[in-house]
Structure formats: structure tokens, C-alpha cells
Amino acid sequence: MSRVEIIPAIDIIEGRCVRLSQGDYAQTKVYDASPVDMAKRYADCGVKRIHVVDLDGAKSSSPRNLKTLEKMAVGADVEIEWGGGIKSEESLRALFDYGATYAIVGSVAAQNQMLFAEWLARYGGERMVLGADVRDGKVAVNGWQQEVELTIDDLVGEFLPMGLSQVICTDISRDGMLQGPSFELYTRLQEQYGAVDFTVSGGISAMKDIEECDRLGLRKVIVGKAIYENRITLKDIERWLLNE
């Protein structure tokens, strides 16, 4: 069985790498490395896919860092899953035109299910990723600033018959806190919906968390702050990939 796939995260505000804690824009930490440099470093480690969130886009209604996406796509040999502000067909097409491999859609999937169903039909489950960010069981949208009366199970159940095959589920309470992910949540989801690849997102603090994800049979895991805070090094990631 293949090991859990590590997907490093890059969050962007105004073209710079940042990390938030629990999605709070007031708790923003800016890092020196440029997103393009980070993408190259990850690619050099052997990483196949990176997770990028356009935080400016998430707060507004359209992607705001497409030029940065273009530079990353050209500068690094790595697949890019991109989320933040994908609210229209125009934004979605722009994203793919500028070099994203996958589009992560959260707010539209929760608030305009017919539109997300159309996108799934048009672009396929291999390119469209459901971003379901949960706080106390409820899905949060628009940069986590607003909650809707839906659970992640509601959304997966809705879109599974339409070809949904990839879901990134972020436990907002754990995000950026370096306290370990919600293992129970992800193992339940993965066991219940075996046809879907669930990505663990939020709380990874050290390699031991990744090892536990692997032991539990989880398939993908996003790592963000732990890398920037040197709790997980690029060498650790390289070693993990070499031992696959």
C-alpha cells in the first residue's frame, strides 16, 4: 500500500507567504520565502503536489494572486491545487489558464450546489476538489468568516453521485495550532466514503502526526505551519518520499 501523500501548503496574501491561526486574518504571520521559491524547494524534494490558498481571493469574490500562480506553475515542476475566491466560471477558467492543476471550491459548493455540480460535470472529479472547512461540525465559507447549516456529510452525499472524488477537509479549530489533527474525523470519513480521497488539513505538528495518518490508512495530508516553524524539515519530507 502506498504511503500517505504529503502536500505542503503555501498561503498567499499580496504575493507573500503567510500563515494564519484558526483562519483569523488578525493572526497573520509573514514569512520571508517567496511562494515561487517555496514551490521550487518542494519540487526539488520530490513533492508531486502543493496546496495553495489565495487568502486575498478567499476574502473577496475572485482570485487575487493569479500572477503568482503563473510564476509558480512556470518555475516549479509540481502540480498545484489552488483555492480561494473561485466563485464564477470566469475565475475557474482563469485558474486553469494560469497553471493550476486542481481547483479547490468551498463556498460555491456549499451555497450554490447546482453550479458546483455543473463544474464537476464539465471539468471532472479529477480536477475539481471539494473544500469543506468545518467548525464544530458545521461548514464555514467565505474565508471561514461565515457558517452555513450544512455538515461535510451533507456535501459529500450531495456530490458523490456526480463524480466527486477529492475532498480537502480542514478542521478550523486545529488549523495553524500545531496540536495534531482530528484523526477520528478523517478515519470516519475515509471509511464511510471509500471512493473519495480525503485530505487531512489542519493541526499537523510533527512527523509523528504524518506517521499516524499513514498508520490509519489515510491517503493525503496537508502540512503548512509545521514546515515554516521548522518542526518538519524539507529533509524530513525528502526522506519520507524516498522511503515510499
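The values are calculated or read from the model by the stated rules, or taken from the named source; none is laboratory data. Here the structure is a predicted model, which means the values were calculated and not measured. Quick reminder, even Gly has a Cβ in these numbers, built from the backbone with ideal geometry, and neighbours come from all protein chains shown. In case anyone asks, the SASA skips ligands and DNA or RNA and just uses the protein heavy atoms, side chains included. Shrake-Rupley method; radii C 1.70, N 1.55, O 1.52, S 1.80 Å.
Being open to solvent by less than 10 Å² (accessible area, probe 1.4 Å) and more than 14 Å from Ala73 (Cβ to Cβ) is not true of Ile50. Of all residues in region 142-192, which are among the small types (Gly, Ala, Ser) and crowded, with 16+ Cβ neighbours inside 10 Å? Answer for region 142-192, where residues must be among the small types (Gly, Ala, Ser) and crowded, with 16+ Cβ neighbours inside 10 Å: Gly143, Ser165, Gly176, Ser182. Only one entry in Asp44, Asp97, Asp77 is at pLDDT 95 or above, surrounded by fewer than 16 Cβ atoms within 10 Å (Cβ to Cβ) and closer than 18 Å to Arg122 by Cα, namely Asp97. For region 201-244, filtered to residues that are of a type in the set (Val, Ile, Thr) and either free of Cβ contacts under 8 Å to residues at least 24 places away in the same chain or part of a helix (DSSP H, G or I) (or both), the residue that is farthest from Arg16 (Cα to Cα) is Ile210.
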